[in-house]
């Protein structure tokens, strides 16, 4: 994997945090916590929770967006193409003259129907959507993406919101068809060229694992358009997210202390280089909570002396004034031979987050097991996910995030108990549950999307 992104290279060149450490900029509130203040004898795991929360108000950055639209034959079913066009035209209607938009349509090949340019004539753009996009042919997602990324890259600006939006209702069956290779291509553009990707899956036949994973690797959002009439609503949500940004080029960095090794990281995709973990958030939106849970294993107890200190940093550019900011947190846990010290110094808020992220991951794992015919393994994971939550004190179980996660787990368990691994039912169920699980993990709340942008 090529890891040489502009943002991460700049981080490696920055000097040790001095003045940045006490940065009081309000665009991002950065916090860190551990599951316990102590590391007691025999404890093999340590959890670090990082949270980057957007400020109250954001700025509306000009867009540089390419709409990449599937026009394969299946888009004709259930009037998907009609509703997709309506959603695209709704999106265009809300653009500003200083936004840039391009449109690519693809079937077995991709075709540019509107090159990247400022939105000066909305009616002309909508006319092209109405008259040039018609269902036909196969599904060459890779060619559509490549042409879409090319258009955004050709007019790239660090002062714009640079994104590709992919619309599809099927599986990639032309061009690059391997899921991993498609995801790697998206990751490359996100890392090297700083162009993000959001995906919209229409109907019940698209590859939701691929669409979800591409959105995750692309630093964008994943939408399951279950009914065609829902398309405009989902495009409205994407527009609202794009419409207000408090920080851009946001990257969190964690230094792994000696004696520990990375076990798992939940919430975002990451890169590891030596003892450094890099989590690329790209943009932070108003009131949006970007949570990351990191699980470490005590791999070398002899390297740990009296304490362990995590050094966590976030670098970002304030979207309102383009000033660069760095905030650094030092989170220390002490070693102790007193078992009571560990029992009485548990951080319950962090423990609730651990239960949430673990149960969320277990549910994703259960769906994968079902798809590979491992029903017993799936049922075990569901039981573990439930226990993660129900074993907490009643006050913790009342946490709204945990309650919502429990509801999604119970919905999936109930359906699986009633219908088993029936292929057609499971296919539809997994699209719905994966989407709900994704939204919970990414904390895409109405509060974050409904903020009014300043300077709009």
Within the range 1-32, which residues are at pLDDT 80 or above, closer than 17 Å to residue 254 by Cβ and surrounded by 17 or more Cβ atoms within 10 Å (Cβ to Cβ)? 28, 30, 32
When you check residue 440 against the structure, is it in a helix (DSSP H, G or I) and either in contact with a helix residue (DSSP H, G or I) (Cβ under 6 Å, 6 or more places away or on another chain) or modelled with pLDDT of 90 or more (or both), yes or no? yes
Tell me, yes or no, whether the range 105-112 has at least one residue that is surrounded by fewer than 14 Cβ atoms within 10 Å (Cβ to Cβ), assigned to a loop (DSSP other than H, G, I, E, B) and on the phi < 0 side of the Ramachandran plot. no
Of all residues in the range 42-57 being modelled with pLDDT under 90 and in contact with a strand residue (DSSP E or B) (Cβ under 8 Å, 6 or more places away or on another chain), which is farthest from residue 318 (Cα to Cα)? 43
Checking the structure you have, find out if any residue of the range 70-80 is assigned to a strand (DSSP E or B) and surrounded by 22 or more Cβ atoms within 10 Å (Cβ to Cβ). yes
Scan the range 148-170 for residues that are modelled with pLDDT under 95 and touching a helix residue (DSSP H, G or I) at 6+ places or on another chain (Cβ under 8 Å) and jot them down. 161, 167, 168, 169, 170
Go through the range 360-383 and count every residue that is in contact (Cβ under 8 Å) with a residue 24 or more places away in the chain and farther than 18 Å from residue 429 by Cβ. 1
Of the residues in the range 24-53 that are part of a strand (DSSP E or B) and in contact with a helix residue (DSSP H, G or I) (Cβ under 7 Å, 6 or more places away or on another chain), the one that is farthest from residue 309 (Cα to Cα) is 40
Could you give me the residue pairs with C-beta distances under 6 Å whose first residue belongs to the range 163-189 and is assigned by TED's automatic domain parsing to the domain that holds residue 102, whose second residue is at pLDDT 95 or above and in a loop (DSSP other than H, G, I, E, B) wherever it lies, and which are 6+ apart or on separate chains? 189/195
Within the range 113-126, how many residues are part of a loop (DSSP other than H, G, I, E, B) and crowded, with 16+ Cβ neighbours inside 10 Å? 1
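The values are calculated or read from the model by the stated rules, or taken from the named source; none is laboratory data. What you see is a predicted model, and the numbers here were worked out from it, not measured in a lab. Don't worry about glycine lacking a Cβ; one is built from the backbone with ideal geometry, like all the others, and counts go over all protein chains shown.
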